[in-house]
There are 2 protein chains.
Amino acid sequence: MIWVNGIITDHLPVTDRGLLYGDGVWETLCINDCLPILLDWHLKRLQQGLQALSITPPDMTQFIMEIHAACTLKENGILKLIITRGRGVRGYNPQSAGECTRIIQLSDAATYPPGYATQGICLTLCETALAHQPRLAGFKHLNRLEQVLARAEFGADFQEGLVRDYAGNVIEGTMSNLFVVQADGSVCTPDLSQCGIAGVMRRFIIQTLAELGIECHIRPLKLEAIRTATALFMTNSLIGLWPVREFQGKTYNIPPLVQVLQTRVKTIT
Amino acid sequence: MIWVNGIITDHLPVTDRGLLYGDGVWETLCINDCLPILLDWHLKRLQQGLQALSITPPDMTQFIMEIHAACTLKENGILKLIITRGRGVRGYNPQSAGECTRIIQLSDAATYPPGYATQGICLTLCETALAHQPRLAGFKHLNRLEQVLARAEFGADFQEGLVRDYAGNVIEGTMSNLFVVQADGSVCTPDLSQCGIAGVMRRFIIQTLAELGIECHIRPLKLEAIRTATALFMTNSLIGLWPVREFQGKTYNIPPLVQVLQTRVKTIT
């Protein structure tokens, strides 16, 4: 079920700048027990994106009310939120746009084989590289062709693909963030100041590691650091946390930390 | 008037990947005397883009028939063509998509003050820089946030903004391509292998310069080359060719070549 500006419809004007230029931002979040998980953090990132693009946000009180109303319709599911700059006359000039368009889409819960979370996934290395564009890094805008190209590189043999930037830094998965457990027990996750999406689940894991007293370094990471790691795991709001079982012929352990974090993820409200 | 997959409608499904990821390509072209100008070249670039994104093209015979049918409705106007990968289930994987979506939009002709073409425009320098992404360079895809950010930088005092890449190379205008006339009479236009859109009008001008026996070099250009140039002009399919009157405090001449090229542009069929 889809609402566009509060009205049930699965259609949008062709002249919406979301289609014409990818001029907007989005979020995907879980619904558990009819409640949107980590909604505050998702809305925070959404608003950061709107600010980066100078899009006037919708009435947030009304938007949040609509989000909660949608969630009451599904005990467990997925909520997708999209805000675009709205309709404009021809041309890139954003000043021609009217009010933003707000879209809420309610879907069934994602069904992944439970083994992905318990026994780990097979990760591949994508050739598609991410461009450095700090103006668009970190938030979740609608310009996602790099992710589409990277995701097109692998089929059912792999559950996720690792993506680097053109400088050879490992950045993220096509749909998830990467955490690397090092031999000394500390954890790293790539710096996303030049490209990549700073996931809400990534933020939750970074915070949880701090609560557990485990060091988590945000820094540039080369492929070498992946090869010398003792464990890897990928995170996003829908999958939670998937450990990596295999990457480029190397088998990785699944340390007890993974289950500790997964348990924490399950308790998020 | 808008047609989506051959049917008159101004709406598109929200689940179209054109909206969700900017997963598609587009063209804007002039209609003169009920005929689409340089249609073959526009369709060539459109198909190059579809190939780069591995999107299965529509039935081109049918699409061209629809384009010509639309053009008969307006003596002079603008035709916008959009091809998206179509609808998909959730996720970046393009294999989940069905057939592509084809959109044809017919609009009134653009009305620019005639002085822009005869007396030249004021050009400003944008701070927004383009990222290097050779996988997406040259063709006209729907991920256009960089252009939106650059265009947002200037108001009515300027008619176009010059955009560089992060290496400081001058690449293009926000909506047009750049040509630089040098002191020796030769012409340069920026290399677009890393970023930028290779305009159809740019292609026409490059070809016309060759026919006129004027050297045109496609190469990386720094701002210094703009400052030492004797003349600058910007091109796209809608504006044709606009000479630059002023850029960063320097006044540029409008050489006879500009009118020669503009006359050639007017004779395109």
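Things worth noting here:
- Residue check, B:LEU12 part of a helix (DSSP H, G or I), touching a Gly at 6+ places or on another chain (Cβ under 8 Å), within 12 Å of chain A (Cβ to nearest Cβ) and buried (at least 18 other Cβ atoms within 10 Å of the Cβ): no
- Residue in region B:140-147 that is farther than 30 Å from A:GLU127 by Cβ, within 14 Å of chain A (Cβ to nearest Cβ) and within 17 Å of the chain's Cα centre (by Cα) present: no
Residues checked against (1) out of contact with any Phe, Trp or Tyr (no Cβ under 8 Å at 6 or more places or on another chain); (2) of a type outside the set (Phe, Trp, Tyr); (3) more than 30 Å from B:TRP3 (Cα to Cα):
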site	(1), (2), (3)
A:TRP3	yes, no, no
A:ILE7	yes, yes, no
A:LEU19	yes, yes, no
A:VAL25	no, yes, no
A:ASP33	yes, yes, yes
A:GLY49	no, yes, yes
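- Residues located in region A:222-253, provided they are part of a loop (DSSP other than H, G, I, E, B), out of contact with any helix residue (DSSP H, G or I) (no Cβ under 8 Å at 6 or more places or on another chain), closer than 17 Å to A:ILE121 by Cβ and in contact (Cβ under 8 Å) with a residue 40 or more places away in the chain: A:ALA229, A:THR230, A:LEU238, A:TYR252
- A:GLU215 meets the stated requirement of being at pLDDT below 95 and on the phi < 0 side of the Ramachandran plot.
- Of all residues in region A:115-129, those being out of contact with any Lys or Arg (no Cβ under 7 Å at 6 or more places or on another chain) and either outside any loop (DSSP other than H, G, I, E, B) or modelled with pLDDT under 95 (or both) number 7.
- Taken over region B:58-94, the residue count meeting the criterion of being loosely packed, with under 12 Cβ neighbours inside 10 Å and at pLDDT below 95 is 1.
Each row is one residue, and each column tells you yes or no for (1) under 30 Å from A:ASP40 (Cβ atoms); (2) in contact with a strand residue (DSSP E or B) (Cβ under 9 Å, 6 or more places away or on another chain); (3) in the same structural domain as A:GLY24 (by TED's automatic domain parsing); (4) not hydroxyl-bearing (Ser, Thr, Tyr).
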| site | (1), (2), (3), (4) |
| --- | --- |
| A:ALA137 | yes, yes, no, yes |
| A:ASP157 | no, yes, no, yes |
| A:GLU160 | yes, yes, no, yes |
| A:GLY173 | yes, yes, no, yes |
| A:VAL181 | yes, yes, no, yes |
| A:SER193 | yes, yes, no, no |
| A:LEU209 | yes, yes, no, yes |
| A:LYS222 | no, yes, no, yes |
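- Across region B:66-92, the number of residues qualifying as at the interface with chain A (Cβ under 10 Å from one of its Cβ atoms), touching a helix residue (DSSP H, G or I) at 6+ places or on another chain (Cβ under 8 Å) and either of a type in the set (Asp, Glu) or closer than 16 Å to B:ILE2 by Cβ (or both) comes to 2.
The values are calculated or read from the model by the stated rules, or taken from the named source; none is laboratory data. What you see is a predicted model, and the numbers here were worked out from it, not measured in a lab. Glycine also receives a Cβ, built like all others from the backbone with ideal geometry; neighbour counts cover every protein chain displayed.
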